[in-house]
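Below you'll find the structure I mean.
The values are calculated or read from the model by the stated rules, or taken from the named source; none is laboratory data. Quick caveat: nothing in here was measured; it's all calculated off a predicted structure. Reconstructed Cβ throughout: ideal geometry from the backbone, glycine too, with neighbour counts over all protein chains shown. Note: areas computed on protein heavy atoms with side chains; ligands, DNA, RNA excluded. Shrake-Rupley method; radii C 1.70, N 1.55, O 1.52, S 1.80 Å.
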Amino acid sequence: MSRSAFALKFKIVLGQTPLEYLTQWRMYKAGAMIRSKNTSFSEVASAVGYGSESSFSRVFKREMGEAPREYRRKCVLLQSSTGE
C-alpha cells in the first residue's frame, strides 16, 4: 500500500491524518507524565519523541491549550483540592 493510500484510509477510518494522530497521542502521554510524575519537561519531551524542550512546549501549548508549566501547576492545584 502506498503512503498516500494509507494516509487516506487512515483519515477515513479515524478522522485524522497519521501525523495528527501521532501528535495527539504524544501529547496525551506527555500530559499523563506531567500529571503523575515529577519529571522535568526536557525528560517528558524526550520520552514522547521531541528533541528539544522548546519544540515540545510549542506543540503542547498548541494541542492542549496551555503551556506545560501551567498544565502542571493546574494539575497540582486540582490534586491538592481533591485530597490526592
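Lys and Arg at +1, Asp and Glu at -1: add these up for the other residues within a Cβ distance under 14 Å of Gln16 and post the number.
+1
Helix check for the chain. Which DSSP H runs span at least 15 Å along their own axis by Cα, with a mean Kyte-Doolittle hydropathy no less than -0.5?
Helices passing the filter in the chain: 3-14, 18-36.
Starting from the Cα of Lys74, draw a straight line to each of the lysines and keep only those under 16 Å, dropping any in the same chain fewer than 8 residues away.
Result set, ordered by chain and number: Lys37, Lys61.
Provide Ser57, Ser42 ordered by accessible surface of protein heavy atoms (probe 1.4 Å), highest first.
Result of the area sort, largest leading: Ser42, Ser57.
I would also like to ask the following. Just subtract the alpha-carbon distance of Ser46 and Arg69 from 0.36 nm times their residue separation and send over the number in nm, one decimal.
Length difference between fully extended and current span is 6.7 nm.
Considering only protein heavy atoms, what per residue accessible area in square angstrom results for the chain with a 1.4 angstrom probe?
71
Have a look at Ser46, Phe56, Gln79 and report the one farthest towards the positive end of the charge dipole of the stretch 33-81, computed about the Cα centre with Cβ charges (Lys/Arg +1, Asp/Glu -1).
It is Gln79.
Could I ask something else about it? Once you have the Cα-Cα distance between Arg62 and Thr17, take 0.36 nm times their residue separation minus that, and quote the gain in nm to one decimal.
Extra length from Arg62 to Thr17 when fully extended: 14.5 nm.
Oh, and also: Taking the Cβ of Arg72 as the center, what net charge do the other residues with Cβ under 11 Å away carry, scoring Lys and Arg +1 and Asp and Glu -1?
Around Arg72, the surrounding residues sum to +3.
Counting only protein heavy atoms, what percent of the accessible surface of the stretch 1-54 is carbon or sulfur at a 1.4 Å probe?
Using a 1.4 Å probe with all protein chains present, the stretch 1-54 comes out at 58 percent carbon and sulfur.
For the stretch 1-46, max minus min Cα coordinate along each principal axis, in Å, sorted largest first?
Per principal axis, max minus min of the Cα coordinates gives 42, 17, 11 Å.
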